[in-house]
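What follows is a single structure, written as structure tokens, with notes after it.
FYI, it's all coordinate maths here, none of it is from the lab. This structure is a prediction, so every number in the text was calculated from the model and none was measured. Note that we place each Cβ from the backbone using ideal geometry, even for glycine, and neighbour counts take in every protein chain shown.
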Amino acid sequence: GIQVEQSPPDLILQEGANSTLRCNFSDSVNNLQWFHQNPWGQLINLFYIPSGTKQNGRLSATTVATERYSLLYISSSQTTDSGVYFCAVEEYAGGTSYGKLTFGQGTILTVHP
Amino acid sequence: ETGVTQSPTHLIKTRGQQVTLRCSSQSGHNTVSWYQQALGQGPQFIFQYYREEENGRGNFPPRFSGLQFPNYSSELNVNALELDDSALYLCASSLAGGPYEQYFGPGTRLTVT
């Protein structure tokens, strides 16, 4: 099956700093999503981005499907950005979707005041 | 618009027992997927339900089973509980015919003693 690798595994920042999280995947994908998992376990949708670039406030994401990677940018980080960030992909299955998202191991982000 | 809901929030069971977890999909969504997240790991796909039938399955044994009801809500049943079944169980809903963005519920934290 498809492999998803996220880097770095851990990231510690001071408030106000910028950061880039990376997600590499091993095969073609139908779907790619970025999530933020809060301390209570809830996965919050950040971006649905199988290709291209999107921005939402201080966050933006870019997926280069042909090169099999995606980047999540966080600018002017805040303490509330702390948590685990997951990239998840759905492997391309010839036009059929089975809804199977494969997650990376996550990046643990800690933002200090 | 109502988001994905799950019940119960927490559950403690004894090894060998059976458990049922419940999920109500986001309004307008007709597909439900279940994931298991062990501590420190990314979520792993268990299965997806569409039109009250299993539509795809991950690498989980048959003692993990599910149901989907006409109102698109779903149950996850786990028989003969093992200590390794202790995890956060997440439910996600989406539209069918995708791939479409998946939205997650808050999860049920299961502890098996």
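Values computed for the structure shown
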quantity	calculated
Bins of 5 Å, starting at 0 and running to the largest distance - Cα pair percent for region A:14-78	4, 17, 26, 23, 19, 8, 3, 0
More than 29 Å apart - percent of Cα-Cα pairs taken over the protein assembly as shown	26
√(5λ) per eigenvalue of the Cα gyration tensor, region B:72-113, largest first, Å	26, 11, 8
Unit charges at the beta carbon, dipole of chain B: most positive-side option, B:76, B:92, B:110	B:110
For chain A, convex hull volume per residue from C-alpha positions, Å³	93
For region B:25-113, the fraction of alpha-carbon pairs in successive 5 Å shells from zero, as %	3, 15, 26, 26, 17, 9, 4, 0
Average other protein chain Cβ within 10 Å of Cβ, residues B:99-112	5
Difference of contour (0.36 nm per residue) and Cα-Cα distance, residue A:27 to residue A:73	14.3 nm
Label-point gap, in nm, between residue A:2 and residue B:54 - each point 7 angstrom along Cα→Cβ	2.2
